[in-house]
Structure formats: C-alpha cells, structure tokens
C-alpha cells in the first residue's frame, strides 16, 4: 500500500523528522487560504504540489513554486482542473483531487535517504546518496559509487556509529551532522515500526545557514512510503490512509473478493490458482508469442462466486481478446472451477475464446461438467497440458474475431 506525500510528511513528523509547514487541500479556495496563511507567517515562497501516486509531477507542471496567494490560486486551479500526464501515468492521465500547499525552502544541497526491505541480504538496508533530487535508479546507473549502503542488523537496527559514518560520508559537517544522524536513525526506526517495505526521502535537503541553524537545517522535502499489505492488520492508522481512488478499480474489486489481481498491458486474460503457477502461466503465454492481460490468482479455497467474479473482472477489461484458465487442483477442486465457468457463461457470456486446462482433484468430474456445457459455451476449448493451452489461446486471439458488444 502506498500513501500520498502529505501523509508521508505526517508520518515523518510523528517520528520527529523535521519537515516544512504544509497543508493538504481539496479546493482552489482552500489552497488560496493555506498559501495566504504561509505568506502571513513569513514565508517568501510557497510550493503547490499535486497529490497522486505517480512520479514526474514537476516535469508535468504539477509542482509549482509561487510567490503570492494569487499565484497559488492559479496553480491550484490548473492542477485540480486538468489530468496529469507523465511517464508513470496511464495514457489518459490521472485526475488530481488533493494538493499539498507547503512552505518552500532555499536549498544548499539535496540528498537521498531510504530504508527498504533488502531481499538479497535478508534484512533491511539503509541506502543514501549525496546526489538527491533525481531518481536513485539513474544515480545507480551513471555513478554507482555515489550510493552508500548499510545492511542493518535484524535485531539492533541502525547503530549510532553507522548513522554517524553515513552522515559523514554524505558530507554533513558541523551542527548539520547531528541533525543528519538524527534523521537517519529515526527513519530506520520508523521503517521498522510501521512494517514499511520502503521509506524514502528524496530529497533530504540542507538549507542555507541562518541564526537558528549556523550550518544549515536538515529537512525532509518529499517522501514516499510503501507498506507491506500483509502487515496492515497491525497498523489500523496506516491502513486508514489508503486511497482507493489511486488504485486500479479492478484490483480494488478483486481484493474485496479475496482475489490477487494485477492488471497488465496484454490481451490474454489469465485465471490461475497459485502465485507460482500464475507466474509460470504468464511466462509460457509469452513464450508462445502472447501477452498476458493480468496476473490473477484465485487461491486454493475460492468459492464459485469468487471465481465467477474473477471472470467478470477479467472480461471487464476491453483489451482482453481471450481467456486462459489454468488450474492445478490440490486444495482447489477442478469441478468447482468448471461449475464457475458454466455459471459465468450463463451470467456474463463468453464472446471471446476461452481455453481451459484442468488437472488434479476432481478433474474427471470437471471434464464431464465442461463437456455437457460445451454446446452453451461455443468459444470454449480444452487443453491437455499448459503448453497446449498456451498455444491454443495465442492462436485463438491471433485470428480476426467480431468485436464484443
């Protein structure tokens, strides 16, 4: 689960990590009021930022630094009145319904800091760089030596000497050094306490010297959090931050029925039981020249109603030109899938090719159910094994077919 930037700032602030003053708003008038308040309290510049789960906001024109409340009104009107288009959004763009109006700060230097689950090391890892403000992937590709890594002890976490050595390695000195150490320490603790998969500050900035901070102030300007869905039951406050509007509607619908679904860009819908088998199914579809339209794992104990809903979700995607069902019945009984196919045919109707491969528990009963229903499901074909199923569905979608109503 991801959260918006304004929520990430709230989490950072709750952990004692300094962030600029900001307000989340949902209207042009509220943005104008928030900006007026910041300017009245001494701010010389304010930043208006679209709140959306996609990158590339700045280049798309959805992050604006303004010098007056009137400019803030104009910027917010543009963002709330237009869809954002960037390399990380769908072709149709994304609507903007929330804005962050925040105090803008002068920056001497930008840094990158993140704590993430490192599956290769089997623990959490602190990743930092003095080249912040850009995608860390670009830094890794062009200047890998600029990235500092600290593999954290699973029990002790980030140790004081590790935090200090990292801050020194980033170039912090003087009074800014203990500030950076504090931020890194609190960031590592926050990641562990919230069961976050990734906690990222980009950029972490150093401001110019001031009377209060003679060596500059260390502030978190932008942050991203990604949480382990399986651990959200322990964090009701974080789970409440979820914004379903930022998720694929089909994925939200699938989750409500206990299905694991991820939309892809292909034209062959896949209905499989088991994550590993689903991945293998997508691989063999591609091996035969096809493109999967989704990952869909119905699990081992899905009801007929849930499986029928899975078909509804797959067929609701207008790009789907064929459906491949691949079931290896262990806990999941093949006859349950067969009955769900028949039920879906009655309730939804199959106007695209359907290839079914069943093996395992109650497979004979399932084959009989499908044989009896074959007259009512003319687009259905059965397969002897997975390779046969993949070849048949790829061949079927390659043939010209009537458009669906």
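The figures follow:
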item	result
Only one of 371, 346, 357 that is at pLDDT below 90 and either more than 15 Å from residue 314 (Cβ to Cβ) or in a helix (DSSP H, G or I) (or both)	346
Flag for residue 317 being more than 21 Å from residue 387 (Cα to Cα), part of a loop (DSSP other than H, G, I, E, B) and touching a residue at least 24 places away in the same chain (Cβ under 8 Å)	yes
Identity of the residue in the stretch 242-279, under 23 Å from residue 7 (Cα atoms) and touching a helix residue (DSSP H, G or I) at 6+ places or on another chain (Cβ under 6 Å), that ends up surrounded by the most Cβ atoms within 10 Å (Cβ to Cβ)	252
Any hit, the stretch 85-96, residues being touching a helix residue (DSSP H, G or I) at 6+ places or on another chain (Cβ under 8 Å) and in the same structural domain as residue 216 (by TED's automatic domain parsing)	no
Some residue of the stretch 339-357 being surrounded by fewer than 21 Cβ atoms within 10 Å (Cβ to Cβ) and within 22 Å of the chain's Cα centre (by Cα)	no
Lone unmet requirement of (1) outside any helix (DSSP H, G or I); (2) under 35 Å from the mean Cα position of the chain (by Cα) for residue 388	(1)
Complete set of residues in the stretch 254-289 that are more than 18 Å from the chain's Cα centre (by Cα) and part of a strand (DSSP E or B)	268, 269, 270, 271, 272
Hits in the stretch 201-212 (condition: surrounded by fewer than 17 Cβ atoms within 10 Å (Cβ to Cβ) and touching a residue at least 12 places away in the same chain (Cβ under 8 Å))	208
Test result for residue 166, outside any loop (DSSP other than H, G, I, E, B), closer than 25 Å to residue 192 by Cβ, at pLDDT 90 or above and under 25 Å from the mean Cα position of the chain (by Cα)	no
Unmet requirement for residue 80, which otherwise passes all of (1) under 30 Å from residue 209 (Cβ atoms); (2) outside the structural domain of residue 152 (by TED's automatic domain parsing); (3) touching a residue at least 12 places away in the same chain (Cβ under 8 Å)	(1)
Residues satisfying the stated conditions in the stretch 34-69, i.e. farther than 29 Å from residue 184 by Cα, part of a helix (DSSP H, G or I) and touching a residue at least 12 places away in the same chain (Cβ under 8 Å)	34, 35, 36, 37, 39, 69
Of all residues making up the stretch 8-23, the number that are touching a residue at least 12 places away in the same chain (Cβ under 8 Å), within 21 Å of residue 246 (Cβ to Cβ) and surrounded by fewer than 19 Cβ atoms within 10 Å (Cβ to Cβ)	1
Tally of residues being in a helix (DSSP H, G or I) and touching a helix residue (DSSP H, G or I) at 6+ places or on another chain (Cβ under 7 Å) across the stretch 171-182	3
One residue from 332, 282 being crowded, with 19+ Cβ neighbours inside 10 Å, free of Cβ contacts under 8 Å to residues at least 24 places away in the same chain and either assigned by TED's automatic domain parsing to the domain that holds residue 255 or under 14 Å from residue 268 (Cβ atoms) (or both)	282
Residues (in a loop (DSSP other than H, G, I, E, B) and either within 30 Å of residue 341 (Cβ to Cβ) or not assigned by TED's automatic domain parsing to the domain that holds residue 191 (or both)) located in the stretch 226-253	247, 248
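The values are calculated or read from the model by the stated rules, or taken from the named source; none is laboratory data. Predicted model, so just to flag it, every value in this text is computed and none were measured. Heads up, the Cβs are rebuilt from the backbone with ideal geometry, glycines too, and the neighbour counts pull from every protein chain shown.
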